[in-house]
Amino acid sequence: RPPAYATSRLARSHTAHGGFARDFVEGLAAHPRRLAPKYFYDTAGSALFDHICALPEYYPTRTEIGILRACSEDIAACIGPGAQIVEFGAGSVLKIRLLLDALHSPAGFIPIDISGEHLHAAAAALQRDYPAIPIEPVVGDFTAPITLPACPAGARRVGFFPGSSLGNFEPDDAIRFLRHAAENLHGGGMLIGIDLVKDPARLHAAYNDAAGVTAAFNRNVLVRAQRELGAELAPERFAHYAFYNAPLRRIEMHLVSETSQRIVVLGRRFDFTPGDTLHTENSYKYTIDDFRELARSAGYSPGACWCDPDRSFSLHWLAM
Ligand code: AVJ
């Protein structure tokens, strides 16, 4: 390939991929090395995440779906009639179906996701099944300021943030995100799913599945860097390493170099010795009381909270 191709590929990745090139290089230059978890979600990564959600060890998805099913009437009563729902990180847009079935005359649905191809396919399938509800997908990064389609006159805008994705934020950033979301929602309220502190063995298993899907999901960010940035690296020489950091109440995911090796990307070189890490994700767990306190400090009034019988996972109604 002529060099011009490499240049245009880089230019494209700066714009269309939310600064992956810049953040990948900056993250490798940092101490300790790190990368934001939003970069997991290219088309392959979104498919791997869907696979994770179906794993026997990964309890959050099926537990949250169980709560949504069991409590849909109570939840719909909190949201109220005629609401426009905005979902942050909508992925395959499956959980919203349970809500849409229970809501009274929803005014519209705006799924936001960073994984454009995946989002458009999922939103089109949803629109076929719910022809009467206006569905307006927005491809974008919800951790940055984002412009949303208008809210129909007289409709209340309500946020939906399932899956405990808030856990990817540092607690201070979680408060900042919730404050910004409140501005976009103009007082409508938020339904949010939060994974709870529990037996570390159960947490550990959920992020170290026997089939190795979480490992492939973690390494996929390196495969993506090869493809999109032309990075020279060997994904298979990095081990998936996930553990529960009990004092900080978070799962940490890392990629650990198994050999002495070098990543060459965009004219920069990064040397790894065996055991050197790249920190790819934090997934904070909360107690119900601590989460309600965090929501209060972001300016919300926590209302009802719904849990499964084992108290593995929680759904919270946050009024404003
Ligand atoms: C989508 C951020 C909620 O933290 O459990 C799953 C992502 N990472 N397995 C989580 C994830 C590894 C997931 N969230």
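Screening segment 36-86 for residues that are in contact with a strand residue (DSSP E or B) (Cβ under 6 Å, 6 or more places away or on another chain) and away from the ligand (no atom under 13 Å from the Cβ) and picking the one that is nearest to Pro309 (Cα to Cα) gives Ile67. Applying the set (1) in a strand (DSSP E or B); (2) more than 15 Å from Asp195 (Cβ to Cβ); (3) away from the ligand (no atom under 16 Å from the Cβ); (4) in contact (Cβ under 8 Å) with a residue 24 or more places away in the chain to Trp306 leaves exactly one unmet item: (2). Here the condition is being on the phi > 0 side of the Ramachandran plot and not in a strand (DSSP E or B); of Ser92, Ser105, it holds for Ser105 alone. Condition check: crowded, with 17+ Cβ neighbours inside 10 Å, touching a helix residue (DSSP H, G or I) at 6+ places or on another chain (Cβ under 7 Å), part of a helix (DSSP H, G or I) and among the basic types (Lys, Arg). Does Arg157 satisfy that? Answer is no for this residue.
Check whether at least one residue in segment 115-134 is assigned to a strand (DSSP E or B) and of a type in the set (A, V, I, L, M, F, W, C), and report yes or no. For segment 115-134, residues assigned to a strand (DSSP E or B) and of a type in the set (A, V, I, L, M, F, W, C): absent.
Can you spot a residue in segment 284-297 that is in a strand (DSSP E or B) and within 22 Å of the chain's Cα centre (by Cα)? Yes, because at least one residue in segment 284-297 is in a strand (DSSP E or B) and within 22 Å of the chain's Cα centre (by Cα).
The number of residues in segment 160-189 that are outside any helix (DSSP H, G or I) and either among the small types (Gly, Ala, Ser) or under 16 Å from the mean Cα position of the chain (by Cα) (or both) comes to 10. For segment 41-95, the tally of residues that are in contact with a Ser or Thr (Cβ under 8 Å, 6 or more places away or on another chain) and more than 30 Å from Ala216 (Cβ to Cβ) stands at 2. With respect to the stated conditions, Thr147 is hydroxyl-bearing (Ser, Thr, Tyr) and without any contact (Cβ under 8 Å) to a residue 40 or more places away in the chain. Looking across His118, His104, one residue alone is surrounded by fewer than 19 Cβ atoms within 10 Å (Cβ to Cβ) and at pLDDT below 95. It is His104.
Within segment 217-258, the set of residues being touching a residue at least 24 places away in the same chain (Cβ under 8 Å), away from the ligand (no atom under 16 Å from the Cβ) and in a loop (DSSP other than H, G, I, E, B) comprises Gly230, Ala231, Leu233, Ala234, Ala246.
For segment 259-273, the set of residues classified as in a strand (DSSP E or B) and touching a helix residue (DSSP H, G or I) at 6+ places or on another chain (Cβ under 7 Å) consists of Gln261, Ile263, Val265, Arg268, Phe270, listed by residue number.
This table checks each residue for (1) touching a Phe, Trp or Tyr at 6+ places or on another chain (Cβ under 7 Å); (2) farther than 22 Å from Ile75 by Cβ; (3) not basic (Lys, Arg).
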residue: Glu252; (1), (2), (3): yes, yes, yes
residue: Thr259; (1), (2), (3): no, yes, yes
residue: Arg268; (1), (2), (3): no, yes, no
residue: Thr273; (1), (2), (3): no, yes, yes
residue: Tyr284; (1), (2), (3): no, yes, yes
residue: Gly299; (1), (2), (3): no, no, yes
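Pairs linking a residue in segment 54-73 that is in contact (Cβ under 8 Å) with a residue 24 or more places away in the chain and charged (D, E, K, R) to a residue that is outside any loop (DSSP other than H, G, I, E, B) and within 14 Å of the ligand (Cβ to nearest atom), with Cβ atoms under 6 Å and 6 or more positions apart or on different chains, are Glu57/Ala205; Glu57/Ala206; Glu64/Gly193; Glu64/Phe313.
Report yes if Ala246 is within 24 Å of Pro56 (Cβ to Cβ), buried (at least 19 other Cβ atoms within 10 Å of the Cβ) and in contact with a helix residue (DSSP H, G or I) (Cβ under 9 Å, 6 or more places away or on another chain), otherwise no. No: the conditions fail for Ala246. Over 19 Å from Gly45 (Cβ atoms), out of contact with any Pro (no Cβ under 6 Å at 6 or more places or on another chain) and within 16 Å of the ligand (Cβ to nearest atom): does that describe Phe160? In short, yes.
The values are calculated or read from the model by the stated rules, or taken from the named source; none is laboratory data. Everything quoted here is computed from the prediction, not taken from an experiment. All Cβ positions, even for glycine, are placed from backbone atoms using ideal geometry, and neighbour counts span all protein chains on display.
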